[in-house]
Each structure stands twice: as C-alpha cells, then as structure tokens.
Amino acid sequence: MAGNDRAEATEEVVSRVTRRRKAARYAVPVAVAGVAAATVGLVPALAASGDPNLPKISAHDLVQKIAASDTQQLSGSVKITTDLGLPSLAGLGGSMAQSMAPGGAGGHSDAASGSSADPGSKLMELASGTHTLRVAVDGPKKQKISIVENAAEYSLIRNGRQVWAYDSASNQAYHSTAPQGSDTKARPTLPKGTDVPTTPKQFADEVLKAAGPTTSLTVDGTSRIAGRDAYDLLAKPKQSGSTVGSVRIAVDAKTGTPLKFTLAPSGGGKPVLDIGYTKVDFAKPAASTFDFTPPKGTKVTEGKQHAEQHATKPSRQEQQGRSQAEAALSNAKVIGKGWTSVLRLDGPAGAVDKGAKGDTSKMPGNAQSFVNSLGDKVSGKFGSGTVFHTRLINALMTDKGTVYVGAVSKQTLIDTANAAAK
Amino acid sequence: MSRAEATGSGADARTSSAGTPGGTPPDPAATGRERSGLWWTFGLFRSELLTTFRRWRTLALLAVLAAVPVLIGIAVKIETSGGGSAGEGGGPAFLTQVTNNGLFLVFAALAATLPVFLPMTVGVIAGDSVAGESAAGTLRYLLVVPAGRVRLLLAKYAAALTFCLAATLVVAVFALATGAVLFPLGDVTTISGTTISFGSGLLRALLVAVLVAASLVGFAAIGLFVSTLTGSGIAAMAATVGLLITVQIVDSIPQLGAVHAYLFSHYWLSFADVMRAPVLWDDVVKNLVSQAVYALVFGSAAWARFSTKDVTA
C-alpha cells in the first residue's frame, strides 16, 4: 500500500524519500544494539564504583574480628582463579598420568585410581584457570563443596562421618568414612585455635607478634564483596626478594568472615591466586543439601578399601618413591626467616642422581623436553644447576642433587644457595 | 494452494468479526477498525501457523527431531545392557545418568539436539518464511490483504516461535516416552547430588524445555531478517544455517574467548543449571537477556528491511 498514493510524484523524489525512510528505519536495530552494548559496558563499571564507607578500624582489631567470627552456617558461590604461570596443569597432568600409568589404562586393575570421582584427581584441575565453586556449611559436621562444570558438577559432601564425592559427568561416586575423632575438627573457613591462643584478642596479638619483624599488616580501605561491605586486610613482606607482592584479605564488616583472598606476585600482573565469594548467604542451608544417596546405576568406589589395599600391598615403585621422599625430607632444612625462607633438600647424592635419572628415562620424550624448557641453567658456588621458574615458587636443582625451593626471586634463591654452599 | 486457502481464512475472520458488533460502543466505526485489526493479526497468525505446520517439510523435520531421543535411548540401552556405563567416551551432557533415571533422557536429548538439530530446523522454517513466499510468487498477494507489512512480519515471527516451542516439546515428549519405556523412573538425583521427587523432576524438565525453546528466540529473529534480504528461500535457509555453524565454530575456539559472551549460542547449554541444587540462575538469565537483545536487534532489522522493500514477486 505504501507508494501507491505517491504515483504523481516524480521518480526522483520518491527514490530520495524512500532512501531516507530506509536509513531512518535501519537506525532502529543499530540503536538497540548500541544501547545493549553500552549497557554491557557500563553496568559492571557502575556496580563496581564506590567502596563502602565504614568506620575506621585498626589492623589489630580486624584480626581480632576474624578470630572472633562465629560463622557456623553459610552458603554461596566462590570464584577461584589461579595463574601460576605454567601451561595448563590439568592437561599436562592427564597426559603424564596416562603415559606413565603402568600397563596402560586397560590393564589397570586398581579400580579406585581409575575413578573420576576420586577427590585427588579433581584437585589438579583447580591449580590452573578459573573455576566456580559452590560452598555450603552447616556447623562443623556438614560441609559441601561443588565444582561447577559445564552441564555437570563435582560435589564433595561431608555429612557427619560420611564423606561422599559425586561426579555427575561420569556418574561415579566415591565414599569413605571419616575416623571417629575427626568429628571435632574445626570448620574449614577458619581453623579456630583450640590450643594456644584462647581468646580472639590473644589470637590477634599472636598473629601480629609473629608478623611483626617480617610483615607489614595494615587495613587498606574497604571493598564490596558479594554485595557485602568488607574491610581489606593487607599483608606485605618487609623483606625484599620474595616473589609474594602482597596478600589481601577482604573481611566481612559484620561477621568477620574472610570473603576474598588475593595473592599478588611482586613482579606485578595478574594475581597468582584469587579466591573469593561472588555470592554469600549466612542463613542455614537446606538440610537436603548434605544428603547424598548414590542413584541406582552409579559406580561407587569405596575409599577405605582403597587405602587398605595400599597399606598392605604397596607397589614396588611406590615403596621406592616413598623411601626416597622420606630420605629427602629427613635432610630438609629451612634457610632464612619469614617470607624469604628457602627450603633446602639434600638428597643422598647417589640415590637422587639415580632416582632422577631413572625418572627422566621413564618420562615420555615430550615431558622431558618440557621440563628442560622450563628451567634455566645457572652456576655459582654451589656448582651448576637448573632453576625452575613459576610466578610464585622458584626451585633450584643443582647437579649434585640438592634442591632449593622458595617463594623468592631467582636471584635471591641463587644468593641463598651460594651462601649455603660455603 | 495452501496460501490461497490461508488468505481465504483470514478474510473469513474479518467478515465474521464485522458481523458481530461487541457491546455498546460510542464509536462503532473506530471499534470495528480496532477489532478487525486484532482479528487480522490473529487471522494472519492462524493462517501462518496452518501453512507452516501443514507442510510436509515441517512434518519431516519434526519426525527427524522425534527420532533423535529414540535413537539415543536405544543406543544407551544396547551399550549398557552388558552392565557397562554409558558415555564414557564423552557424548552429550547427562548421557551417563540416563541409565539411572529415564527422565534424564529428556535432558540428554535436548543437550544433543540444541547445538545443531533444533536450530537447524528453526533456521529452515524462519529462513523460508518471507523468502519462500517471495520465491513462490505468493508474497505480493499476501500484501494485497490490508493487514500491513508489520503485522504480516509479526505473524510470521510468531509462527516461527511457535515452531521453536513445538520442536522442543516434540524432542522432550519423545525422550520422556522412550526413557519411560527403556529405563527405570523414580526420584531424581540432581547433578549436585541431592535428591528431588519425580514430580518436581518432571516440572524441571518442563522448565528446561521452555528454556530451550526460549534459547531459539534470537536465532529465529536472525532467520527472519535473512529471509527478508533475499528472494530465494533456499539461499535464506542456507545462509541462516551457515551462520549458525559459523557461530558454533567461533564459540568453540578458546582464543576467541573475548567475543564468546556476545554470541547467541554461548549460553544455550545454561539450561543444565536448572538441574543443580540450588538452581544456578546466572547463566539462565544471561541467556534470556541475550536472546531478547538478538530478537530486538534482528526483529527491528527485519522490520526496517521488509517495510521498505520493493516487492515484485
């Protein structure tokens, strides 16, 4: 019907009018898209602006507040971001485990280590990347942590003495019964000092005294975490040479519960570890949250049996590894104090040499070259060695088999090793 | 042809509405216009629905969608008949839980069809909606009906959305029937490990079906817009489905992570969050918002194109 009534107009005018009308109509979708894009860009900026105004508080009082906090019940979502500066650990761990597993996956008789619901195999995934966790706590006896995955979830549930792990992606469960004594274990959010400091004030005193010579502890403003007002407690090493730049803990102003923990490297850049609530609720979680009955058809692995099997019949490899580890640990020595302390592991030269050689020969070629590419060759009074570098931890492995590990810079590590080798 | 019949039914609707004046209107002429306008929209929508669902093509697409859950159910049954567990080599989400509870076949089937099958059928229907009429030469007859292009476009979009819901429900219903026949039913274990009753599990399945249908709202608008650009139905369908595949590929490349959140398909699988306890609404809401934005942008673009288009065929 449009255009019919304009029959008498000249063609030129018609085409000009329609062109203008067309342009005007196309402005509508463009405007809608523009508004949407602007909203996406502006809303987080608006939400983030404005730290809450809270009464001033001293570092001592804040530490005391944390210690006095009596949060028994909470539920919420936690976002954890880890950036150790390593290539994806999960993938590496998987490929290493696969290629190094004796007899391959098919001939592996131990059911437990093949279960994807085994808590140990899941923890590796949290060591790199960003993950969303859901947490629910109801007193010291009921806890639940779930790793949110795409259309699946891995849940670790503790209800009294029953500990369940359920991996919905593979439909497998893992069950174990906690020993009797562990019922009295403190809640996971903050291990309450049952031993030495008995009051929150004492606890705060102890913490500040211990931190005194090496750490500056300050209250560094306020922030809003998961919709709650929080104080930021900032801990910074006083010594130079540490790879830790600062540790920042956001503490809920009302309850004293730590809501966010950020570990920044001294080298700058993204935090090495950033873990904090995105949502938190201090109400009692529904009791059904902690009930787990393995659904029919779910493969259940019993954790207890698994442990007994190992205790009675450890494999030869494992025995060898354990004795090596024990020997190495017996020779471990901490050099230095505070943030720049370095752990020195003096392996019995022969054993470690042999062990290391044996290990590397067993490693697949790509893994060995990967390990080599990570390290830098260095030399000093300790002889020569290789420094393995991450954003947080550095390790020096001398050719003699001594290992120095610490959250210190590469230069500090070499200096420490030089001093120790004298 | 069905088109002639459709316009005929629209005309019937108009005469019947004109014949029954409602109440005691102060201005009968104005109310009559309003009423006939409403009737026109409804009549157009009804005729669009009839033309869409009477086509053999539509029925064939729905039959293919109905076959997917049946095939998945049978495959899982055969694979697990020896006592093994399903989906150890990957596969769509929820596949492993199907053996515990037949209800999970609904989720598994929707998770399997949502990435490609479902939107492909929607792309065929929406892509053909305007361009197909144009190619068959029926579009100008439709425009002779004094309903206006905007109403015609709205009726076509509404018919496409109805197809989205129908296609999703076909998958869900066939999956539920297959699951009930082949696997046990009973209390449902959510993916968070808690147990809910079968009734509330069914309710969640219905919610999931609606969410999946809503996930296709934005894509249907894109199909409609593409359909107004060309006079060839085949070209419009191919372009729409091609766009879908391109977007899915972009969404799967981790290096392009910066743009993922803006793709219409990025939050499609968020329906799985309904099966958590407590339900995690964040991504579900993001999905609905992104679908609404896509529908608005491409709906208005389709309007801008169609209302100024020279219709010659």
* Any residue at all in region B:267-282 that is surrounded by fewer than 20 Cβ atoms within 10 Å (Cβ to Cβ), more than 28 Å from A:G41 (Cα to Cα) and within 9 Å of another protein chain (Cβ to nearest Cβ)? -> yes
* Condition test on B:F117, is it touching a residue at least 60 places away in the same chain (Cβ under 8 Å) and out of contact with any strand residue (DSSP E or B) (no Cβ under 7 Å at 6 or more places or on another chain)? -> no
* Structure fact -> Result of the Cβ filter at 8 Å on region B:244-256, keeping first residues that are within 13 Å of B:H266 (Cβ to Cβ) and not assigned by TED's automatic domain parsing to the domain that holds B:H266 and partners that are part of a helix (DSSP H, G or I) and of a type in the set (V, I, T), at least 6 apart or interchain, is none
* **Criterion: touching a residue at least 60 places away in the same chain (Cβ under 8 Å) and either aliphatic (A, V, I, L, M) or touching a strand residue (DSSP E or B) at 6+ places or on another chain (Cβ under 6 Å) (or both) - qualifying residue of B:A180, B:A213** => B:A180
* Would you mind telling me which numbered condition in (1) at pLDDT 90 or above; (2) more than 9 Å from chain A (Cβ to nearest Cβ) B:W303 fails? => (2)
* Asked: Considering region B:272-313 alone, what residues qualify as being among the aromatic types (F, W, Y) and either more than 30 Å from A:L74 (Cα to Cα) or in contact (Cβ under 8 Å) with a residue 24 or more places away in the chain (or both)?
  -> B:Y294, B:F298, B:W303, B:F306
* To do: Scan region B:140-168 for residues that are farther than 24 Å from B:M120 by Cα and part of a helix (DSSP H, G or I) and jot them down.
  => B:R140, B:Y141, B:L142, B:L143, B:V144, B:R149, B:V150, B:R151
* To do: Would you confirm whether any residue within region B:188-200 is assigned to a helix (DSSP H, G or I) and within 13 Å of chain A (Cβ to nearest Cβ)?
  => yes
* Asked: Listed residues A:L234, A:L273, A:L263, A:L259; which is closer than 30 Å to B:T195 by Cα and under 21 Å from the mean Cα position of the chain (by Cα)?
  -> A:L259
* Could you list, in sequence order, all residues of region A:393-414 that are outside any loop (DSSP other than H, G, I, E, B) and farther than 27 Å from A:L273 by Cα? => A:T398, A:T402
* Would you check which residues across region A:146-162 are more than 11 Å from chain B (Cβ to nearest Cβ) and surrounded by fewer than 20 Cβ atoms within 10 Å (Cβ to Cβ) and list them? => A:G160, A:R161, A:Q162
* **Qualifying residue in region B:288-298 (condition: under 30 Å from A:D167 (Cβ atoms), crowded, with 21+ Cβ neighbours inside 10 Å, at the interface with chain A (Cβ under 9 Å from one of its Cβ atoms) and of a type outside the set (G, A, S))** => no
* Structure fact -> Screening A:T189, A:T177, A:T198 for residues that are modelled with pLDDT under 60, closer than 30 Å to B:T189 by Cβ and away from chain B (no Cβ under 14 Å) leaves only A:T189
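The values are calculated or read from the model by the stated rules, or taken from the named source; none is laboratory data. Keep in mind it's a predicted model, so treat the numbers as computed, not measured. All Cβ positions, glycine included, derive from the backbone under ideal geometry; neighbour counts span all protein chains shown.
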